[in-house]
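Take a look at the structure set out below.
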Amino acid sequence: MSVLTTLFQDFAARLCSTEFLRDARHPDHPTAFSRCRKLPLATLVAIMLTGMRMSVQAEMDTFFAHLRLQAQLVHEVSEQAFAQARAKLSLVAIPGLNDWLIARAELDGFVPRWRGLRLVAADGSTVRFGLRASHVKRAALADQILFGLFLPGPDLMLAASLHSIHERGERQFLIEHLDRLSPDDLLLLDRGYPASWLVAVLNQRAIKFCMRVDNTDGGYACVREFVRSGAIERIVMLRAPNKQDALDYECPRKPQRVRLVRHVLPNGEQRVLMTNLFDDKLFPADCFGELYHKRWGIEEAFKRLKHRLNLEHVTGLSQQAVVQDVAAKIVCDNLQALVSITAHADADLPENKRINHAYAHTALKPLMPILLLGAKIGRKVGVLLRGLLGLIAGRTYRHRENRLKPRKPGAKPHKKMTQKNC
């Protein structure tokens, strides 16, 4: 727990640092946050990082009440002041905090390795923000795509970005994020990603990958032949990318050598996984089924952000406000994940006992103002966290292996703007 206490103290110090102040100023407002106001930079960001699920005024009144350790709401700042302050906040400020948090989690040992590699899952999810008609300049579109890179082990979102639904697709979004990956990462991809040019790009950059490929995806003759053969694994050559793809993505126009592995589920369903991990001693064929299943963590993360943190209920109508809200809730979810990891470890819970993340969010939210801004309480941070970890460790559920729950067909639920929590 001492590691978590120090992490929160350093995170709070980061919010008040001159380095963060420099990064947080919007290019159009180079002197922002210089004067002493009721809503300084650290307080503004701390309010956003609590995971705003109610109206702006209700969230701020609750925030200042928790900061003063009292039950009665405190009306200290208006929602108009909040809107004016957040307009001066740079779009890279909160993502920069997330980068700092991920680097710190790596340093503190929160991110495990799978056979010496860091697992990174990539996927996208359609979001429908609860917007209304307005005359706001650069107003946000209601329907957008949230693309993310996710660390399945510690349940941390490495990076995320919003895109128009009319853009080229998730493969292109992945290309834009490849600079965040290193040769020590193993990229986990679903069946919507296989393409000859993408495999060529990943091999060119020496990025390890494991992706699901179906018989019909891309029309790979070698995959169809592998399925018919009944073999457990086979090394094959994918056809070279076409000329236009090779030019667009600056990848070699050469056949790509990959390894195909067959994975049979308990219900008899078969999956074909494609990878560039060729060492059958370090990576035997029977390890890839469990490896691919770890990708499911990013699906749970999207669900948690949408339905636990009300990601689609934004606090502004402009695209700038929407991007800030998404980034803030990702940092909020990452902080909750680190708290849950510590609670599980300190309570010495068995592997099949999992922390209830929804309850962890609820338990952490009232303490966030004090943890992020309560510099005067000093050693009491450890006391507060100890009580929090005990509460979270008492709310667990039993995880059952090899359980399959097919998705139910039908439209996904999207709450209206008027259906915010009270």
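What follows draws every value from the coordinates through simple rules; no lab data is involved. Bear in mind that the values here come from a model prediction, so they are computed numbers and not experimental data. Here the Cβ positions follow ideal geometry from the backbone for every residue, glycine too, while neighbour counts run over all protein chains shown.
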Highest mean first, how do 230-236, 114-120 rank when packing is the count of other Cβ atoms within 10 Å averaged over residues? 114-120, 230-236
Please say if the chain is rounded, prolate or oblate, where rounded means a/c under 1.5 for a ≥ b ≥ c the square roots of the C-alpha gyration tensor eigenvalues, and otherwise the choice is prolate for a/b larger than b/c and oblate otherwise? prolate
Charges on Cβ only, +1 for Lys and Arg, -1 for Asp and Glu, centred on the Cα centroid of region 165-306; of L186, Y249, Y220, which one is farthest towards the dipole's positive end? Y220
Between Q84 and D28, the two model label points (7 Å from Cα along the beta-carbon direction) sit apart by a distance in nm of 1.6
Just rank T126, T6, T18, T342, fewest to most, by other beta-carbon atoms within 10 angstrom. T18, T126, T6, T342
Placing +1 at every Lys and Arg Cβ and -1 at every Asp and Glu Cβ, with all other atoms neutral, what dipole size does the chain have around its Cα centre, in debye to the nearest 20? 780
May I ask you to sort E79, E176, E312 by Cβ crowding, counting other Cβ atoms within 10 Å and putting the fewest first? E176, E79, E312
Okay, which of region 227-253 sit inside 14 Å, backbone N to the point 7 Å along the Cα-Cβ direction of A221? 237-240
Suppose we keep just the DSSP beta bridges with both residues in the chain; what percent of those would be antiparallel, to 5? 80
Once the dipole of the chain is set up from charges on Cβ (+1 Lys and Arg, -1 Asp and Glu), the residue from the list L198, L7, V331 lying farthest towards its positive end is V331
Most fluctuating residue given options L391, L273, L156, as computed from a GNM of the chain linking Cα atoms under 10 Å: L391
0 to 90° range, to nearest 10: angle between helix 56-67 axis and the chain longest Cα axis: 70
Considering amide H positions built from the backbone, and no H for Pro or chain starts, which residues 5 or more places from A142, or on another chain, come under 5 Å of its amide H? none
222 nm mean residue ellipticity, helices alone, for the chain (DSSP H n ≥ 4; -39,500 (n - 2.57); rounded to 500): -12500 deg cm²/dmol
J(HN,Hα) series, region 84-90, from Karplus relation 6.51 cos²θ - 1.76 cosθ + 1.60, nearest Hz, glycine and proline x: 5, 6, 5, 5, 9, 8, 5
Between H166, H26, H344, find the one with the highest GNM mean-square fluctuation for the chain; connect C-alpha pairs within less than 10 Å. H166
Within region 191-294: Cβ-based charge dipole about Cα centre, in debye rounded to nearest 20 (Lys, Arg +1; Asp, Glu -1): 200
Kirkwood hydrodynamic radius, computed over distinct alpha-carbon pairs, for region 191-294: how many Å, to one decimal? 14.1
Calculate how steeply helix 93-107 sits against the longest principal axis of the alpha-carbon atoms of the chain, using the helix alpha-carbon long axis, and give the answer as 0 to 90 degrees to the nearest 10. 70
Roughly what angle does helix 319-346 make with the longest principal axis of the chain, taking Cα atoms, 0 to 90 degrees, to the nearest 10? 80
Under 5 Å, built H, 5+ apart or other chain: amide partners of L158: L149, F150, L151
Looking at the chain as a GNM with Cα springs under 10 Å, which of Q204, Q319, Q256 has the largest mean-square fluctuation? Q204
Farthest positive-ward along the chain dipole, Cα basis, beta-carbon charges - from H163, W100, A321: A321
Checked region 107-240 with the C-alpha gyration tensor, a ≥ b ≥ c its square-rooted eigenvalues, rounded below a/c of 1.5, otherwise prolate if a/b is larger than b/c and oblate if not; verdict oblate
